[in-house]
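Structure first, commentary second.
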Amino acid sequence: MTEDDLRTLLAWLERRASKHLRGYPANLTIDTVGLVNEAVIRILRNNLLERSVRPAYLYGAAGRAVREALADFVRKKKRLKNGAGFHRINIFDHFDQASSRHADLLDLHHAIEALKAHDQFAAEVVNLKFYVGWTIKQIAAELEVSDFTVEKSWRNAKRFLRRYLSADS
């Protein structure tokens, strides 16, 4: 990975972290820089920068690192403060506008982990779409599958996540 590639990855991580933290109260104890730092630590811990990996894999891993860092942060805060004052996100805004189901980041993390155990490809599609911010076409091109395959996995993943999160409430 070149220095320019690293700068591009860090800029991308900063944009994604900022997006995921948007709407949280000003007194939140993790900010964009902290979230990026946590994600980079996870990437470095897995030696992803030293390996020759495809962009889809690297950005997917970076998206997972952001998700895992947020989930760990939420776990820690809930443990310390018993969950007081947590902002809930409407994750289905990212899936479609039809649902008003709310779930917190930890619920979403658990749901994606359950999906991963059920259908690893669908979980990767969710990660690339939700955390990385790629389109169906970009995901299909990077994973070398058809748009139809990605769309089908995306629909199945949304259905699975809705059921999982509905059963969790």
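The values are calculated or read from the model by the stated rules, or taken from the named source; none is laboratory data. If you're wondering where the values come from, they're calculated on a predicted model, not measured in any experiment. Methodologically, a virtual Cβ is constructed for each residue, glycine included, from the backbone with ideal geometry; neighbour enumeration extends over all protein chains shown.
Quick one: is residue 124 within 14 Å of the chain's Cα centre (by Cα), surrounded by 16 or more Cβ atoms within 10 Å (Cβ to Cβ) and modelled with pLDDT of 90 or more?
Taking the combined requirement at face value, the residue satisfies it.
Output the residues belonging to the range 133-145 that are assigned to a helix (DSSP H, G or I) and surrounded by fewer than 24 Cβ atoms within 10 Å (Cβ to Cβ).
136, 137, 138, 140, 141, 142, 143, listed by residue number.
Among the residues of the range 141-162, is there at least one that is under 21 Å from residue 62 (Cβ atoms), among the polar types (S, T, N, Q) and modelled with pLDDT under 90?
no
Condition first: of a type in the set (Lys, Arg), modelled with pLDDT of 80 or more and surrounded by fewer than 18 Cβ atoms within 10 Å (Cβ to Cβ). Now tell me which residues in the range 43-85 satisfy that.
Matches in the range 43-85: 45 only.
When the residues of the range 86-110 are narrowed to those that are modelled with pLDDT of 55 or more and under 22 Å from residue 56 (Cα atoms), which ends up surrounded by the most Cβ atoms within 10 Å (Cβ to Cβ)?
The extreme case among them is 108.
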